[in-house]
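These notes are about the structure you will find just below.
What follows is calculated from the coordinates using simple rules that are stated; it is not laboratory data. This structure is a prediction, so every number in the text was calculated from the model and none was measured. Heads up, the Cβs are rebuilt from the backbone with ideal geometry, glycines too, and the neighbour counts pull from every protein chain shown.
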Amino acid sequence: MCSRSFRGGRRPTARSAPPRPPRLGLVVRTVCPGVPLYVEYALTELGSSVALPLMQMKDRGEAHLPEISGVEDA
């Protein structure tokens, strides 16, 4: 863990870092030493176990998006 690779144009700074996720036991947060300090996030075993059902719910919602959007117009 604590690799130095990142995607995007510039490395996020402490001021632009995303908010910390709630403590539900789904994600582990690792502060990596270095200058500047940086943080990595990874799914726990519990987080990995809920990833597939959540992706299936997302896919089902997207598949039925026209029906869902039609409800808002009614």
Query raised in the report: Out of all the residues in the range 23-45, is one or more among the hydrophobic types (A, V, I, L, M, F, W, C) and in a helix (DSSP H, G or I)?
Result: no
Query raised in the report: Which residue pairs have Cβ atoms under 8 Å apart, sit 6 or more places apart or on different chains, and have a first residue in the range 33-50 that is without any contact (Cβ under 8 Å) to a residue 24 or more places away in the chain and under 15 Å from Pro22 (Cα atoms) and a second that is of a type in the set (Ser, Thr, Tyr) and surrounded by fewer than 13 Cβ atoms within 10 Å (Cβ to Cβ)?
Result: Tyr41/Thr30
Query raised in the report: Taking the range 22-52, which residues are aliphatic (A, V, I, L, M) and touching a helix residue (DSSP H, G or I) at 6+ places or on another chain (Cβ under 7 Å)?
Result: Leu26, Val27, Leu43
